[in-house]
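Asker: Have a look at this one.
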Amino acid sequence: MALVLNEEQHLLKSSAEAFFRERAPVTALRALRDTADPTGFSRDLWREMAAMGWAGTFLPEEYGGIGCGYTELGVVMQAAGRTLAASPLFATVALGASAVLLAGSAEQKERLLPAVAAGETLLTVALQEGPHHRPERVATSAVANGEGYMLSGAKTYVPDGHVADVIVVVARTAGAGDEESATSGEGAGDSAGTAGLSLFLVDREAAGVMIERRSMADSRNMAEVRLDGATGELLGTAGEAWPVIDTVIDRANAVLAAEMLGSAQAAFERTMEYLKTREQFGALIGTFQALQHRAAQMFCEIELSKSVVLKALEAIDADAPDAALCASLAKVQVSDMLRLVSDEAIQMHGGIGMTDEEDVGLYLKRARVAQQMLGDENCHLDRYARLRGY
Amino acid sequence: MDELEQFRQETRAWLEANCPASMRVPMKTEDEVCWGGRHFEFSSDDQRLWLQRMGEKGWTVPDWPVQYGGGGLDRKRVKILHEEMRNLGCRSPLSSLGILLLAPAMLKYASEEQKLEHLPKIARGEIRWCQGYSEPGSGSDLASLSTSAVDMGDHYLVNGAKIWTSYGDKADWIFCLVRTDPDAPKHEGISFLLFDMESEGVSTAPIRLISGASPFCQTFFDNVKVPKANLVGELNKGWTIAKHLLQHERSSAASLGATAPGSRKQSLQEMAVDAIGMKDGKLDDPIFRQKLARFHVREQAFTLTMQRVGDEMKAGADPGPASSLLKYYGSETNKERRELMIAAGGLDALGWEGEEFEEGRLARSWLRSKANSIEGGTSEIQLNIIAKRVLGLPQAD
Ligand SMILES: Cc1cc2nc3c(=O)[nH]c(=O)nc-3n(C[C@H](O)[C@H](O)[C@H](O)COP(=O)(O)OP(=O)(O)OC[C@H]3O[C@@H](n4cnc5c(N)ncnc54)[C@H](O)[C@@H]3O)c2cc1C
């Protein structure tokens with residue numbers, strides 16, 4: 001498969017870029033932050049995005065989607081990343097809809113996905129239980145209770161957790177808890193920790209569900225979700241959810257990497273503009289070779305990142321056997337690149353870069369949160385080595 | 001059966017019948033590379049035969065037009081030929097600076113007569129070429145070169161010295177940048193000349209490298225007479241040709257950084273597993289493992305970028321901006337790979353002579369790799385080009 005966007009994807013790219021530039025520029029994120037907006041994104045904007053089909057990019061037409069793929073979702077996310085646009089694209093679509101599409105019964109898909117594609121229902125996946133991405137360390141338990149299950153435990157850093165209508169919760173129906181997986185090595189896909197995991201649909205209004213929003217450096221949306229005997233509806237096969245969880249994480253990471261790439265491009269372009277306008281020592285600072293070479297190196301890392309992101313997205317759409325490898329490859333390369341670009345954006349702006357008024361600080365804050373979500377570069381470097389057999 | 005499949009079968013049959021068995025095993029040393037040329041000493045009859053057969057078929061340069069000694073194959077058929085050669089393990093019949101560097105520039109800028117004169121001899125490996133660009137005083141600042149060519153009516157008289165001329169002592173002909181107008185601005189007084197290294201007044205002195213090899217020379221020109229017909233392109237317009245050629249040189253240098261598909265050489269990963277060992281499914285050296293993984297990420301990201309740039313060019317994009325990026329990243333990646341091979345092998349990898357060290361194969365290749373970021377334009381120069389031409393950053397006056 002060629003590593004280039006086709007004609008329709010190019011069109012989508014330019015219309016998505018224009019859309020976010022006009023409808024959700026960086027000032028929109030500032031407004032959400034400064035007014036302490038309780039939703040954390042604009043529901044009007046989300047309805048418009050859904051009307052353009054973006055909430056259902058990879059969903060089949062029978063579920064109200066437009067039957068495209070993750071490549072298209074990545075193209076839109078990359079455009080959103082450019083302006084740091086907040087929207088449910090990540091939590092509802094990349095995470096939630098992926099999980100329901102992969103694991104749901106026909107009835108569950110019928111019930112949830114058309115409403116997602118229409119922009120009416122918001123989803124998320126509650127995975128993590130601590131400050132780091134350790135997907136196999138799950139202490140939240142699910143006990144069979146007649147028709148359904150009763151869930152108890154605490155989930156941390158659930159993206160859009162405070163607004164999601166339905167939360168896909170990872171819980172343990174059997175197998176080792178956190179103690180055992182903690183000693184059996186990190187993230188080993190076949191460790192005791194991954195057996196016995198299940199997915200559940202939990203209604204945000206259900207009894208025993210307590211949700212508290214968490215305020216983060218990037219002014220985006222995270223929440224703590226506590227479950228105290230809350231009712232959960234099984235999604236997929238009990239005890240055998242790991243392959244689905246693993247795949248959902250890969251898909252969401254590829255999409256997240258696309259967003260990160262878009263942010264990096266915007267921060268880089270902004271910084272290049274500054275090098276062409278700021279004068280010191282009677283010269284434009286862009287004439288200094290020390291800065292030129294660092295700029296050129298950033299350019300190279302961004303070019304490499306474009307390739308790995310496109311590859312990771314195409315690998316998902318082609319159902320390629322190396323899709324997992326490509327997802328971790330993309331997360332490492334893009335995280336390394338974004339760390340460099342976001343740091344240099346501040347440094348090359350000098351004192352101005354440290355002010356709240358200048359946007360590069362917002363890009364830095366989003367960069368680190370996005371890097372941490374679903375595993376930072378260290379986590380994925382380890383996984384990449386493991387997948388390559390060493 | 002479709003035409004391409006038929007071509008594949010015929011190609012396979014032809015290769016099986018014509019590629020000698022000894023040309024189907026990986027080369028052990030650099031000495032087994034076939035460079036061709038008037039005075040080339042073939043390492044075996046099979047090597048000679050293989051070059052001759054491929055040359056007759058035009059398959060040393062399968063994509064060139066037939067009248068210039070090529071195979072006249074389209075892109076799909078070239079790909080099939082290369083795949084079939086790889087499947088059978090066929091060695092490349094000919095390595096040649098003529099093919100790699102000179103020919104792309106000739107195809108674009110030379111006269112029909114010049115093409116018919118020189119290209120078929122390159123294709124058949126009869127004439128070996130060297131590159132006369134760098135001078136003792138002009139390396140990165142190549143356009144400051146001072147080797148002169150003076151118009152003597154029926155010929156040019158060339159005087160001066162070149163340096164770092166790869167295989168200058170073994171080459172038959174040189175493509176050479178010379179100053180033909182000393183009064184013009186530096187880029188506008190340069191011409192592109194071709195001449196025979198056996199001409200009177202040409203001499204070479206080999207230079208020994210840190211790897212122990214002496215693959216390149218100082219080259220001196222003392223009143224060398226060059227026929228006027230050997231000027232390529234217009235007088236004083238040689239810099240355009242020089243740059244075009246450098247772009248090709250950079251792109252081919254870049255491929256060093258990528259993983260070659262279906263390569264039979266032992267990979268860095270296999271070497272590391274052998275030398276360091278595994279424990280609980282992981283390399284038994286956590287810090288090396290981390291370095292290796294990060295290297296692999298960069299190598300794969302780079303390989304995908306080569307592919308993406310290639311795909312974009314097929315879709316009509318301009319290769320210009322990418323060539324410096326690829327040269328810079330590819331050469332730095334290859335240097336990193338060689339460093340990791342030394343680290344994985346430990347002192348075994350630093351052995352210099354003797355069969356137990358394969359005559360220092362790893363150490364010498366590691367040392368050779370240091371030149372990757374110098375030859376064909378240094379890494380710093382590539383970064384300058386990106387800053388100026390791609391990012392449009394302002395230039396100091
Ligand atoms: C193995 C090998 C094979 C070669 N083969 C050939 C050949 O066949 N034919 C041929 O003509 N040449 C050949 N060369 C020469 C090669 O092209 C030159 O070595 C190269 O262009 C650098 O020039 P220099 O050695 O004079 O270094 P210099 O230009 O003196 O550079 C010294 C250092 O200064 C840095 N520098 C220079 N200018 C700048 C600047 N503007 N900004 C920042 N840094 C700068 C360089 O990057 C480098 O680090 C070969 C070289 C090698 C190593």
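Asker: Which value, in nm² and rounded to one decimal, describes the direction-averaged projected area of the C-alpha convex hull of the stretch B:180-225? Please list the in-between numbers first.
Answerer: Working: hull surface 19.3 nm².
Approximately 4.8 nm², given one-decimal rounding.
Asker: With N denoting the number of residues in the stretch A:215-261, provide Rg(C-alpha) divided by 2.2 N^0.38 Å, to two decimal places.
Answerer: Relative to the 2.2 N^0.38 Å estimate, the stretch A:215-261 comes out at 1.58.
Asker: Considering every residue in A:326-335, what mean count of other chain Cβ atoms within 10 Å of its Cβ is obtained?
Answerer: Mean number of neighbouring Cβ atoms from other chains: 3.
Asker: Still on this structure: With the Cα gyration tensor of the protein assembly as shown in hand, give its eigenvalues times 5 under a square root as the equivalent ellipsoid semi-axes, listed largest first in whole angstrom.
Answerer: Three semi-axes, in Å: 56, 31, 24.
Asker: Of the residues B:Ser146, B:Ser134, B:Ser43, which exhibits the maximal mean-square fluctuation in a Gaussian network model of chain B defined by a 10 Å Cα contact cut-off?
Answerer: B:Ser43
Asker: If you don't mind, another one. Taking Cα atoms of the stretch B:242-390, Rg/Rh with Kirkwood Rh, to two decimals?
Answerer: Numbers: Rg = 17.2 Å, Rh = 16.7 Å.
Ratio of gyration radius to Kirkwood radius for the stretch B:242-390: 1.03.
Asker: Can I ask one more? Cα to Cα, under 26 Å, and not fewer than 8 places away if on the same chain: which lysines meet these conditions relative to A:Lys13?
Answerer: A:Lys306, A:Lys311, A:Lys331, A:Lys365, B:Lys314
Asker: Would you mind checking which residues have amide H under 5 Å from A:Ala126's amide H? H placed 1.01 Å from N; only 5 or more apart, or other chain.
Answerer: Those lying under 5 Å, H to H, from A:Ala126 are A:Val168, A:Val169, A:Val170.
Asker: Determine by what factor the alpha-carbon radius of gyration of the stretch A:46-87 differs from 2.2 N^0.38 Å, reporting the quotient.
Answerer: Details: Rg = 10.4 Å, N = 42, 2.2 N^0.38 = 9.1 Å.
Its radius of gyration relative to the 2.2 N^0.38 Å reference: 1.14.
Asker: Using a Gaussian network model of chain A whose springs link C-alpha atoms within less than 10 Å, name the residue from A:Glu110, A:Glu377, A:Glu17 with the highest mean-square fluctuation.
Answerer: Highest fluctuation of the listed residues: A:Glu110.
Asker: Something else now. If one computes the Cα centroid of the stretch A:328-390 and of the stretch B:322-336, what distance in Å separates the two points?
Answerer: The stretch A:328-390 and the stretch B:322-336 have Cα centres separated by 23 Å.
Asker: In bins 5 Å wide, starting from 0, what share of all Cα pairs of the stretch A:244-387 does each bin hold, as a percent?
Answerer: Binned Cα distances yield the sequence 2, 11, 20, 20, 16, 12, 9, 6, 4, 2, 1, 0.
Asker: Another one. Show which lysines lie in cross-link reach of B:Lys282 when reach means a straight Cα distance below 20 angstrom and same-chain residues fewer than eight apart are skipped.
Answerer: B:Lys291
Asker: Another question, if that's okay. Using a Gaussian network for chain A with springs between C-alpha atoms less than 10 Å apart, which of these wobbles most: A:Glu259, A:Glu344, A:Glu212?
Answerer: Answer for the Gaussian network model of chain A: A:Glu212.
Asker: Which whole-angstrom value gives the distance between the alpha carbon centres of the stretch A:237-276 and the stretch B:220-299?
Answerer: 30 Å
Asker: Applying a 10 Å radius around every beta-carbon, put A:321-328, A:1-8 in order of their mean neighbour count, most first.
Answerer: Per-residue mean Cβ counts within 10 Å order the peptides as A:321-328, A:1-8.
Asker: Shape call for the stretch B:128-236 from the C-alpha gyration tensor, a ≥ b ≥ c root eigenvalues: rounded (a/c under 1.5), prolate (a/b greater than b/c) or oblate? Please list the in-between numbers first.
Answerer: Numbers: a/c = 2.19, a/b = 1.42, b/c = 1.54.
Note, shape of the stretch B:128-236 comes out oblate.
Asker: Considering every residue in B:381-391, what mean count of other chain Cβ atoms within 10 Å of its Cβ is obtained? The partial results should precede the final answer.
Answerer: Values: counts 0, 3, 9, 4, 1, 9, 13, 2, 0, 5, 11.
Across B:381-391, the average partner-chain Cβ count within 10 Å equals 5.
Asker: Would you mind classifying the stretch A:7-117 by shape? Square roots of the alpha carbon gyration tensor eigenvalues, ordered a ≥ b ≥ c; an a/c under 1.5 is rounded, otherwise it is prolate if a/b is larger than b/c and oblate if not.
Answerer: oblate
Asker: If exposed GluC sites (Glu not before Pro) are those in a DSSP loop with at most 13 other Cβ within 10 Å, what is the longest stretch of chain B that has none?
Answerer: No qualifying site falls inside B:42-197, the longest such stretch.
Asker: Give me the compactness ratio for chain A, meaning the Cα radius of gyration over 2.2 N^0.38 Å.
Answerer: Working: Rg = 20.9 Å, N = 390, 2.2 N^0.38 = 21.2 Å.
Normalised Rg, Cα atoms only: 0.98.
Asker: Residue by residue through A:287-296, how many Cβ atoms from other chains fall within 10 Å of the Cβ on average?
Answerer: Numbers: counts 6, 3, 7, 0, 2, 10, 7, 2, 6, 15.
So the per-residue partner count for this stretch is 6.
Asker: To continue, here is another question. Could you tell me whether the stretch B:47-96 comes out rounded, prolate or oblate from its Cα gyration tensor? Rule is a ≥ b ≥ c as square roots of the eigenvalues, rounded for a/c under 1.5, then prolate if a/b exceeds b/c, otherwise oblate.
Answerer: Working: a/c = 2.26, a/b = 1.08, b/c = 2.09.
Since a/c reaches 1.5 but b/c is at least a/b, the shape of the stretch B:47-96 is classed as oblate.
Asker: Let me ask something else about it. Please list, in chain and number order, the residues 5+ apart from B:Gly58 or on another chain whose amide H is under 5 Å from its amide H, with Hs placed from the backbone.
Answerer: When sequence neighbours closer than 5 places are left aside, there are no close amide H contacts.
Asker: Something else about it: Two decimals is fine: what's Rg over Rh for chain B, C-alpha atoms, Kirkwood radius as Rh? It would help to have the intermediate numbers written out before the result.
Answerer: Details: Rg = 22.4 Å, Rh = 23.0 Å.
With Rg and the Kirkwood Rh in hand, the quotient comes to 0.97.
Every number in this text was worked out from the coordinates using simple rules, so none of it is lab data. From a predicted model like this one, the values you see are computed outputs, not experimental measurements. Cβ sites come from the backbone with ideal geometry, for glycine too, and all protein chains shown count toward neighbours.
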